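> Please see the structure below; I have some questions.
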Amino acid sequence: MGDGAYGVLTALGVLGTGLVAGVFCAFSTFVMRGLAALPAARGVAAMQAINVAAVRPPFMAVFLGTTVLSAVLTVVTLVRWPDEGAVASVVGGVLFLCGSFGLTVVANIPRNERLARLDAGGEEAAAYWPAYVRGWTRWNHVRAVASAGAALAYLLALTG
């Protein structure tokens, strides 16, 4: 499985999913805790700024590039079904596409969009902030685990 273009794509899958897992892990383990410890207006303003910075090319290239790569690897694996590593590769693709990208779209982005519409110093933002932190972080834990699981699955596909 580790030979040729397919092996290179799988190695890139390990790298991409691992990088995304690291970002999500950082948010789950200390960034959100730090923001939650701030007064609501400061936490909201900081998260609004983070959400703007996150959709810039450096992170988006890694995140969306890994999403496209996972989709390609999954399709190629399903079509080729190599003797070794096929199941692990499909598992990696499903974990990343559903558990990372999919959850980002259905769980985290809607929360970010709602937060972006609020005045950081307003009463509505202060009331929403605790629920935002809980819900966003809960789904981010799942994204972190799914991304790390995808990295492990792609690694197993390379060595299987």
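The values are calculated or read from the model by the stated rules, or taken from the named source; none is laboratory data. Everything numeric in this text was worked out from a predicted model, so none of it was measured. Here Cβ is always computed from backbone atoms with ideal geometry, including for glycine, and neighbour counts include all displayed protein chains. Note: accessible area is taken over every heavy atom of the protein model, side chains too, but ligands, DNA and RNA are not part of it. Shrake-Rupley method; radii C 1.70, N 1.55, O 1.52, S 1.80 Å.
> Answer with one residue from Phe101, Ala71, Pro130: the one whose Cα lies farthest towards the positive end of the charge dipole of the chain, charges on Cβ with Lys, Arg +1 and Asp, Glu -1.
Towards the positive end, the residue furthest out is Pro130.
> Now, a different point. Take the alpha-carbon positions of the stretch 42-107, form their convex hull, and give its projected area averaged over all directions (one quarter of the hull surface) in nm². Write down the numbers at each step before the final one.
On the way: hull surface 20.9 nm².
Across all orientations, the stretch 42-107 yields a mean hull projection of 5.2 nm².
> What is the packing order of peptides 101-113, 144-156, 4-16, taking the mean over residues of other C-beta atoms within 10 Å and listing the highest first? Write down the numbers at each step before the final one.
Working: 101-113: 15.3, 144-156: 22.9, 4-16: 16.9.
Taking the mean over residues of other Cβ atoms within 10 Å, the ranking is 144-156, 4-16, 101-113.
> Once neighbouring chains are kept in place and the probe is 1.4 Å, which whole percent of the accessible area of the stretch 69-160 is contributed by carbon and sulfur? Mind dumping the intermediate values first?
On the way: 3080 of 4600 Å².
Using a 1.4 Å probe with all protein chains present, the stretch 69-160 comes out at 67 percent carbon and sulfur.
> Over the stretch 64-160, calculate the relative contact order: mean separation of alpha carbon pairs under 8 Å at least 6 apart, over the residue count, as a percent. List each step's numbers first, then the result.
On the way: 80 pairs, mean separation 41.6, N = 97.
About 43 percent, as a whole number.
> At a Förster radius of 30 Å, what calculated FRET efficiency corresponds to the Cβ-Cβ distance of Ala71 and Glu124, to the nearest 0.05? List each step's numbers first, then the result.
Numbers: r = 38 Å, r/R0 = 1.26.
After rounding to 0.05, the efficiency reads 0.20.
> Another one. Treating the beta-carbon of each Lys and Arg as +1 and of each Asp and Glu as -1, no other charges, what is the dipole magnitude of the chain about its Cα centre, to the nearest 20 debye? Could you put the intermediate results ahead of the total?
Working: 10 positive and 7 negative charges, 82 e Å.
That gives the chain a dipole magnitude of about 400 debye.
> Could you compute how fast the chain diffuses translationally, taking Rh as the Kirkwood radius over C-alpha pairs and applying Stokes-Einstein at 25 °C with viscosity 0.890 mPa s? Give it in µm² per second.
The estimated diffusion coefficient comes to 150 µm²/s.
> Starting from the Cα of Thr159, step 7 Å toward the Cβ, then list every residue of the stretch 1-42 with an amide N under 20 Å from that point.
1-4, 6-22
> Also, quick follow-up: Mind checking the full-extension length gain between Phe30 and Leu12? Use 0.36 nm per residue of separation minus the Cα-Cα distance, one decimal, nm.
On the way: separation 18, 0.36 × 18 = 6.48 nm, distance 2.70 nm.
Full extension of this stretch gives 3.8 nm more.
> Still on this structure, I have one more. Could you report the chain's accessible area per residue, 1.4 Å probe, as an integer in Å²?
On the way: 8020 Å² over 160 residues.
Solvent-accessible surface per residue comes out at 50 Å².
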